[in-house]
Amino acid sequence: MAELRAAVIGAGRLGTLHARKYAAIAGIKLAYIVDIDAERAATLAQEVGASPLADYRTLVGKVDLVTVASPGVTHHEVASAMLTAGIDVLLEKPMAETLAQARELARLASASGRVFQIGHLERFNPAVVHLHSIVKNPRFVECHRLAPFTERGTDVDVVLDLMVHDLDVILSVAPSEVASLEALGVAILTDRIDLANARIRFQSGLIANLVTSRVAARRERKIRFFQPDAYISVDYEARSIQLYRKTPPARGAQFPTISAEQIEFGEGDPLADEVNAFVAAVRNRSTPAVSADDGLRVMELSERIKAVMLTDSAAP
């Protein structure tokens, strides 16, 4: 198995986590850590046995694959340079700052024949993986993704920072075109939307209600599916599912009964699974687990949500 040379661009919290995963994969040489903060790059590089760099453009010709974990507003600039140079890319969410930028990245990846995976981490959450086997014709979805305020991710609004996770899960588990939507966004601590609510009606008849906040008093990350035969509640952080199923009435009984089941998936390591899936796609030259098309669908829906928010805020 030929050794692949890897780099991580961005030595913040996510970049650090990605670097540690690459360093643990057989057949991968984590060669470089790139960050405009030279001290931060050097510190992480020393930890994982890589060399520090200040300019991502110097990676050209030196690596086979990269994770881009720089701030979201730089994703188009950095990822486009890597794709154009013939380097396979795992791009942390958001895919880009705008839909036009995301479309350009998808075009570049296709034209260059590069593997281009979007970092929607919840796809690798074992509870979400299990959803695909139990979600059947859902009629209503309710999502709460709440977090106390931190400065991380505030270069983009809360839709691109946090809501994209739940949008991706819904579109992957119950794919359908959007029929209509309502949305409201409020800027609270930053000059961008910090609190968002979206109510989406899909052509399948499914209605999804999403509440996302990065200025909440407590942390909560849950998604709930309601379908004719079951209620399914997923706790992303606990990696568990509460499953309530309707069973036929017993002989002589008038009404069905409800059976309850708690499914625990243990700790797991979704990020390791994500990085390993990317490396496998690079080796096999196969479509990645979360493709550019998947990322574009999330970006398209995100842009529609934000457009409705802006229209409503401009109304007299």
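At an R0 of 35 angstrom, the distance between the Cβ atoms of Ser110 and Ala253 translates into a FRET efficiency of 0.05. For the chain, the residue among Leu30, Ile223, Ala187 whose Cα projects farthest onto the positive side of the dipole built from Cβ charges is Ile223.
What the Cβ-Cβ distance of Ser240 and Glu151 gives, at R0 = 25 Å and to the nearest 0.05, is a FRET efficiency of 0.25. Under 5 Å from the amide H of Ile193 lie the amide H atoms of Val158, each residue being 5 or more positions distant or on a separate chain, with H modelled from the backbone and absent for Pro and chain starts. So which of Lys21/Lys306; Lys93/Lys306; Lys136/Lys306 end up more than 24 Å apart by C-alpha? Violating the 24 Å Cα-Cα cut-off are Lys21/Lys306; Lys136/Lys306.
In sequence order, the range 272-278 has phi-based couplings of 4, 5, 5, 5, 5, 5, 5 Hz under the Karplus curve 6.51 cos²θ - 1.76 cosθ + 1.60, θ = phi - 60°, and Gly or Pro positions carry x.
Over its Cα atoms, what ratio of radius of gyration to 2.2 N^0.38 Å does the range 145-196 give? Working shown, then result.
Details: Rg = 12.6 Å, N = 52, 2.2 N^0.38 = 9.9 Å.
Taking the Cα Rg and dividing by 2.2 N^0.38 Å, one obtains 1.27.
Taking θ as phi - 60° and the Karplus parameters 6.51, -1.76 and 1.60, the scalar couplings of the range 101-110 work out to 5, 5, 5, 5, 5, 4, 5, 5, 4, 5 Hz in sequence order, x denoting glycine and proline. Taking amide H atoms as placed 1.01 Å from N in the peptide plane, the amide H of Ser240 lies under 5 Å from those of Asp235, each 5 or more residues away in sequence or on another chain. When each of the peptides 279-286, 70-77 is scored by the mean number of other C-beta atoms lying within 10 Å of its residues, the order from highest to lowest reads 70-77, 279-286. For the range 19-34, the Karplus equation 6.51 cos²θ - 1.76 cosθ + 1.60, evaluated at θ = phi - 60°, returns couplings of 4, 5, 5, 4, 4, 9, 9, 5, x, 10, 9, 6, 8, 9, 10, 10 Hz by residue, with Gly and Pro reported as x.
Applying both filters, DSSP loop and at most 14 other Cβ atoms within 10 Å, to the trypsin sites (Lys or Arg not before Pro) of the range 101-180 gives Lys136, Arg139, Arg152. With the chain treated as a Gaussian network of Cα nodes joined by springs under 10 Å, which of Ile36, Ile170, Ile134 yields the largest mean-square fluctuation? Taking springs between Cα atoms under 10 Å, the residue moving most is Ile134.
From the Cα gyration tensor of the range 26-185, with a ≥ b ≥ c the square roots of its eigenvalues, which class applies: rounded if a/c is under 1.5, or else prolate if a/b is larger than b/c, or else oblate? Prolate, since a/c reaches 1.5 and a/b exceeds b/c. Can you tell me the 0 to 90 degree angle between the C-alpha axis of helix 75-84 and the longest principal axis of the chain, rounded to 10? So the inclination is approximately 60 degrees. Quick check: the angle from helix 164-173's long axis to the longest principal axis of the chain, C-alpha only, nearest 10 degrees? Long axis of 164-173 versus the principal axis of the chain: about 60 degrees.
Taking a quarter of the surface of the Cα convex hull of the range 105-187 gives a mean projected area of 8.1 nm².
The charge dipole of the range 89-145, taken about its Cα centre with unit charges on the Cβ atoms of Lys, Arg (+1), Asp and Glu (-1) only, comes to about 200 debye.
How would the range 167-233 be classified by its alpha-carbon gyration tensor: rounded, prolate or oblate, with rounded meaning a/c under 1.5 and the a/b versus b/c comparison settling the rest? Let's see the in-between values first.
Working: a/c = 2.82, a/b = 1.58, b/c = 1.78.
Oblate, because a/c is 1.5 or more while a/b does not exceed b/c.
Largest first, the three principal axis extents of the alpha carbons in the range 193-290 are 59, 38, 32 Å in whole numbers.
From the P(r) of the chain, could you give the percentage of C-alpha pairs in the tail past 25 Å? Summing the P(r) of the chain above 25 Å gives 53 percent of all pairs. Near Val298: Cβ cut-off under 12 Å, other residues only, Lys/Arg at +1 and Asp/Glu at -1. The net charge is -3.
Rounded to the nearest whole angstrom, the semi-axes of the ellipsoid equivalent to the range 1-73, taken from the Cα gyration tensor as √(5λ), stand at 18, 13, 11, largest first. Going from the residue with the fewest nearby Cβ atoms within 10 Å to the one with the most, Ile118, Ile188 rank Ile188, Ile118.
Read-outs throughout are calculated quantities, based only on the coordinates presented, and are distinct from any laboratory measurement. The structure displayed is predicted, hence computed values, not measured ones. A quick note on method: Cβ atoms are made from the backbone with ideal geometry, for glycine too, and the neighbour counts reach across all protein chains shown.
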